[in-house]
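The values are calculated or read from the model by the stated rules, or taken from the named source; none is laboratory data. In this text the structure is predicted, and so the values were computed from the model without any measurement. Glycine gets a Cβ as well: all are built from the backbone with ideal geometry, and neighbour counts include every protein chain shown. Just the protein is used for accessible areas: all its heavy atoms, side chains included, with ligands, DNA and RNA removed. Shrake-Rupley method; radii C 1.70, N 1.55, O 1.52, S 1.80 Å.
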Amino acid sequence: GESLRELTVVAGIDVGRQLHVNISSVSEDEEREQQVRKSIWVGTLSSFEQLYDLLIRYSVNVAVIDSRPEVRKAQKLRDKCIHSGICEVWLAQFTSADRVGRAAYGMKPDFRRRVVNVERTQLLDATLDDMQVDPPRKIFNENVWRVKGWADQMTAPKRRKSQHSDRFIWDEGNADDHFRFADSYERVAADLHGRSGSYLGGD
């Protein structure tokens, strides 16, 4: 197949007690004018140093990482990757639904700070669609089933009506949902790359 160098490679990282990481290649489906993400690596890491090495190993172009709870470490990773020129790292933050822009799931990138705001419910809706449409826009490889907790975490958040409004929200109860968010951040990375290849210092 194509070497990773020729492909666009994106990563999504959810930060908890461990780092939950999804890495996929992105290809353009010309006919349907959309991107298809194919999973390359899914797993957990225990440190930001390991994460930095992994981004290098898989030649990741754009990565999106949860900005909380490890704000400082995430910023350090972003700065280190930008200075070494290996990878574009963005910090993700959730905005409230009423401040959502017209872009998909309210995506608002701040290019100077490399922070991207997204609306949580709409983002989870969009990534669920990616898996459910036929043919899917997100394809997982067989290895994911061997990753501890992957299947449970991917299905933990459930969509339900909010008690406080007519809106729908995603609620994971008390279940872990790190891989589901890693996948969602990966989608944001793919969209950032798709929109901004031109002014992120080239492709």
Original post:
With springs only between Cα atoms under 10 Å, which of 11, 189, 151 fluctuates most in a Gaussian network model of the chain?
Top reply: 151
Subject >> In sequence order, calculated HN-Hα J values of region 57-73 (Karplus, 6.51, -1.76, 1.60; Hz; x Gly/Pro) >> reply: 4, 9, 6, 5, 7, 9, 10, 10, 10, 3, 7, 10, x, 9, 3, 5, 5
Original post:
Points 7 angstrom from Cα along the Cβ direction at residue 171 and residue 145: gap in nanometres?
Top reply: 3.2 nm
Original post:
P(r) tail for region 7-78, what percent of Cα pairs lie past 15 Å?
Top reply: 53 percent
Subject >> Gained length - residue 18 relative to residue 38, 0.36 nm times residue gap less alpha-carbon distance >> reply: 4.9 nm
Original post:
Cα-Cα over 24 Å: which of 108/148; 138/161; 73/161; 138/158?
Top reply: 108/148; 138/161; 73/161
Subject >> Added length on full extension, which subtracts the Cα-Cα distance from 0.36 nm per residue, residue 159 to residue 115 >> reply: 13.2 nm
Original post:
Which percent of the accessible area of the chain is formed by carbon and sulfur heavy atoms (probe 1.4 angstrom)?
Top reply: 45 percent
Original post:
Amide H to amide H under 5 Å from residue 61: which residues, 5+ apart in sequence or cross-chain, H placed 1.01 Å off N in plane?
Top reply: 9, 10
Original post:
Pick from 140, 168, 179: which residue has the top mean-square fluctuation in a GNM of the chain where Cα pairs under 10 Å get a spring?
Top reply: 168
Subject >> Long-range HN-HN contacts of residue 168 with modeled amide H, under 5 Å >> reply: 162
Original post:
What list of ³J(HN,Hα) values in whole Hz, one per residue of region 125-139 in order, does the Karplus curve 6.51 cos²θ - 1.76 cosθ + 1.60 (θ = phi - 60°) give from phi, with Gly and Pro shown as x?
Top reply: 4, 5, 6, 5, 4, 3, 7, 9, 5, 10, x, x, 8, 10, 10
**OP:** Treating each Cα of region 60-150 as an identical point scatterer and ignoring solvent, apply the Debye formula and state log10 I(q)/I(0) at q = 0.15, 0.23 Å⁻¹.
**Re:** -0.76, -1.16
